[in-house]
Every structure is written in C-alpha cells, then in structure tokens.
Amino acid sequence: MDASREGDPSSSSSSRRKPPSVEAKEPFLFPLLARSILHPHLGVRFSSLQLVRALTRSLAVLRTGLVDTEIPNKVIQVIGRFDKEAETAEKADDTNRPEMDAPEGEDTEHRAVVMAALMSMCNLLNDYAPFREEIVKSGAIKHLVQHTRSRDDDIRLNALWAIRNALCNAKHSEIVEIMDSLGWDHFV
C-alpha cells in the first residue's frame, strides 16, 4: 500500500482537521439546571427536577457531571420547602403534572415538584453516588424523615425509598446518623 494516496487517513495530518476539544469547555447544562431548580415558575422547577431525575440514573453523570455542581443542594432545598399544609391538601391528579396556577408561598412547594425532587433524591442517594455521604451529613435525612410522616402515600413512599438508598451499603456512622434521625419509634 502506498501511504501517499489521497484516501489514506494516515497520509497527512495537516489535511485532516481536528475537532475542537470538547473537554476544554465547561458544560453549560449543569449550571443552568442548578439555577432552574429554584426558578420562580412552577413548570420550570418541575421540568428541571425531572431532568435531574433522568440524568442521575446514569453512573457516568453522577461520577463526572454532577460532582462539582450545586444540584444536590438545590434538590435538598426543594425537599425542605414542602409545607405541612400542602401535605393535607387535596392530591393533584394522578398524572403528577403540576397545576400552573397553584398558589405558592415563599416557604411552600407544590406537591408535583416535591415528588420530582424526592425521586431525584432517590437516585442521588444510591450507594455509587460520590456525594451521598455529603448529602447525609447535610441534614437532608431530617427532611426525608419529615416526609415519611406525610399523609400523602406517594410522598411517603418516595421518602422511604430515598432513605432506603441512603442505608444501602452505608458506613456504620451513616447508618447510626440516619437511624437517629428516623427514630425506632417510627417503625412501631
């Protein structure tokens, strides 16, 4: 074979153009997503948390993309904003779609947004997530425990799943901290 042929890819490095380095640029999705989680509009918050939920299913995204972002902290903030009065309110329709004209206060959050945040938290607390220990130490478990006492079955279920994921393959110190927050009387 003659290396000087035109069609030979190894013939000349100057004839081929190298694509610009993708790794040199910072990804724009994660900072935008972190800002969207606490956006004033309900639909934006709901959609961004659904995207976080989908992205956190990937081990590669958990270990690389989300490590240096504020996304886990923002999800914890959403979980903590759910008002107790909203728990006793009438459940939204079964499709889990938020009502766009739902009244919200500064310290309250819509049920559908909290559901999406709890489902995201289930993925963020998996045993292979690199920031699971930080989430447990940040006090997120106290919010999850509060949601296990909800009258809403779906919220209670997702909060329990998140706690279960936090306990799976956890260190002894993490188990003690979680069980102290949960309390043994909660099981009786």
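Of the peptides 128-139, 153-164, the order by per-residue mean of other Cβ atoms within 10 Å, starting with the highest, comes out as 153-164, 128-139. A probe of 1.4 angstrom, applied to the heavy atoms of all protein chains, finds residue 176 with accessible area near 60 square angstrom.
Estimated at the nearest 10 Å², the accessible area of residue 186 is 50 Å² with a 1.4 Å probe. For the set 45, 111, 149, 35, the ranking by accessible area, highest first and with no ligand, DNA or RNA atoms included, is 35, 149, 111, 45 under a 1.4 Å probe.
Name the shape class, rounded, prolate or oblate, that the alpha-carbon gyration tensor gives for segment 113-185, where a ≥ b ≥ c are the square roots of its eigenvalues, rounded holds for a/c under 1.5, and otherwise prolate holds if a/b is larger than b/c and oblate otherwise. In terms of gyration-tensor shape, oblate.
The values are calculated or read from the model by the stated rules, or taken from the named source; none is laboratory data. Computed from a prediction, not measured in an experiment: that's the story for all the values here. Every residue, glycine among them, receives a Cβ derived from its backbone with ideal geometry; neighbour counts consider all protein chains shown. These area figures cover heavy atoms from the full protein model, side chains too; ligands, DNA and RNA do not enter into them. Shrake-Rupley method; radii C 1.70, N 1.55, O 1.52, S 1.80 Å.
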